[in-house]
Amino acid sequence: MCTRKLITSYSRTLSEREAKVLSSLSYKDKTIFTTNDLKEYTNNPKNLLDWLVRKKWIQKIKKGTYLIAPLNAGTNGTDNYTIHSFILASVLVEPYYISYASALNYHGLTDQTPNATYVATTKPKNSKTILNTKIRFVTIPPHKIFGTEQTTIENKKINISSKEKTIIDCLDHPEHCGGIEEAAKALYFAKNDLDQTKLVSYAQKIGNKTVLKRLGYLAEKLDMEKTLKTISTLPLSSGYSLLDCSLKKRGPIVEKWKLVINVIIEPSKWIT
């Protein structure tokens, strides 16, 4: 009976070929790799991938894309290993950017920890859980992809909304940031650091006129004079909108902003 020579220094045994492939990929900083990356090592990638998945040295992220578990993942390999959720999200769909509650948290605009990583993309995609990390995809039209920047996480370039665009995205979809009050808090505590001209420009560009109403109302409540002055000169849609679309349709109407105030915004309660 033939046996394969094993590299026994690893807690989960690898053949010489498997060890060589994983070492080479890691050296090239391809801890996330594709099936095409294996073509220089083997004519039968499927067989190699099947063995490595079975031994929990790699985990399938999506079709044709895999993640290598490091040595310090322990005896359970990919079962114990975690990787930054933004990195996972960045390889799952294109185009994309991190936004909503996740970007609020990243920029220090909230003290709430999101229960998932929120990813804006133009392609409809169901939520996924990978390595115990839940990733939620929010489908948006192409014209809403703007106001992004790049950040580096674990040597990987990640697309994320800027502070100003994060606020506007949250006013566009409060349900993805914990509600309009979380967006209001972010505005209140960061208003001196935000580019208020950009805020208004982005509110117009996003193409949802309710965003302008919400921003105008909050600017008035939060003493953001520059933002309020600019929005007050802009035409607003005639219909009535909810301040928070994730809550019930009840509350007083503020005629100036054509808004149903279904949540009370009280900045004095946020200061402890």
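The values are calculated or read from the model by the stated rules, or taken from the named source; none is laboratory data. Model, not experiment: these values are computed from the prediction. In this analysis, Cβ positions are derived from the backbone assuming ideal geometry, glycine residues included, and neighbour counts consider all displayed protein chains. Note: accessible area is taken over every heavy atom of the protein model, side chains too, but ligands, DNA and RNA are not part of it. Shrake-Rupley method; radii C 1.70, N 1.55, O 1.52, S 1.80 Å.
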Excluding ligands, DNA and RNA, the carbon-plus-sulfur percentage of the accessible area of the chain with a 1.4 Å probe reads 48
Looks like the range 187-272, by Cα gyration tensor root eigenvalues a ≥ b ≥ c and the a/c under 1.5 rounded cutoff (else prolate when a/b is bigger than b/c, oblate otherwise), is oblate
Most packed first (mean Cβ within 10 Å per residue), the peptides 154-167, 37-50 order as 154-167, 37-50
Long-range amide H partners of Ile130, meaning residues 5 or more apart or on another chain whose placed amide H is closer than 5 Å, are Ile135
extent check for the chain: Cα max minus min per principal axis, descending, whole Å, gives 84, 38, 32
P(r) over all Cα-Cα pairs of the range 108-168, 5 Å bins from 0 to the longest distance, whole percent per bin, short to long, reads 4, 15, 19, 28, 24, 10, 0
Under the 7 Å Cα-to-Cβ spin-label approximation, Cys245 and Ser23 lie apart by a distance in nanometres of 5.5
Along the range 143-148, Karplus-curve 3J(HN,Hα) (6.51, -1.76, 1.60; θ = phi - 60°) to the nearest Hz, with x for Gly and Pro, reads 5, 8, 8, 7, x, 9
Computed, not fitted: 222 nm per-residue ellipticity of the chain from DSSP H runs ≥ 4 (each -39500 (n - 2.57)), nearest 500, equal to -9000 deg cm²/dmol
Placing +1 on each Lys and Arg Cβ and -1 on each Asp and Glu Cβ in the range 211-272, then taking the dipole about the Cα centre, the residue among Ser246, Val263, Ile231 whose Cα reaches farthest towards the positive end is Ser246
Once Ile153 and Lys39 are pulled to full extension, the length gained, defined as 0.36 nm per residue separation minus their Cα-Cα distance, is 38.2 nm
Cross-link reach from Lys123 to aspartates and glutamates, straight Cα distance under 16 Å and at least 8 residues apart if same chain, gives Glu94
With 0.36 nm assigned to each residue of separation and the Cα-Cα distance removed, Glu16 to Lys134 gains 39.0 nm
Residue by residue through the range 260-265, the couplings from Karplus 6.51 cos²θ - 1.76 cosθ + 1.60 with θ = phi - 60°, in Hz, x for Gly and Pro, are 8, 8, 9, 8, 8, 9
Cross-link reach from Lys157 to lysines, straight Cα distance under 16 Å and at least 8 residues apart if same chain, gives Lys28, Lys30
Straight-line reach check, Lys60, cutoff 13 Å on alpha carbons, 8 or more apart in-chain or any other chain, hits among aspartates and glutamates -> Asp50, Asp79
A student applying the Cα gyration tensor rule (rounded when a/c is under 1.5; otherwise prolate if a/b is larger than b/c, oblate if not) would label the range 33-146 oblate
Rounded to whole angstrom, the alpha-carbon centroid of the range 149-212 lies from that of the range 108-140 at a distance of 16
Residue-normalised value, i.e. accessible area per residue, for the chain at 1.4 Å probe, in Å², stands at 52
In the structure shown, of Lys191/Lys229; Lys62/Lys156; Lys165/Lys269; Lys165/Lys198; Lys20/Lys46; Lys163/Lys269, the pairs separated by more than 20 angstrom at the C-alpha atoms are Lys165/Lys269; Lys163/Lys269
Filtering chymotrypsin sites (Phe, Trp or Tyr not before Pro) in the range 199-254 by DSSP loop and by at most 16 other Cβ atoms within 10 Å leaves Tyr240
Applied in sequence order to the range 123-132, the curve 6.51 cos²θ - 1.76 cosθ + 1.60 (Karplus, θ = phi - 60°) yields integer Hz couplings, x standing for Gly and Pro, of 9, x, 8, 6, 4, 9, 10, 10, 6, 6
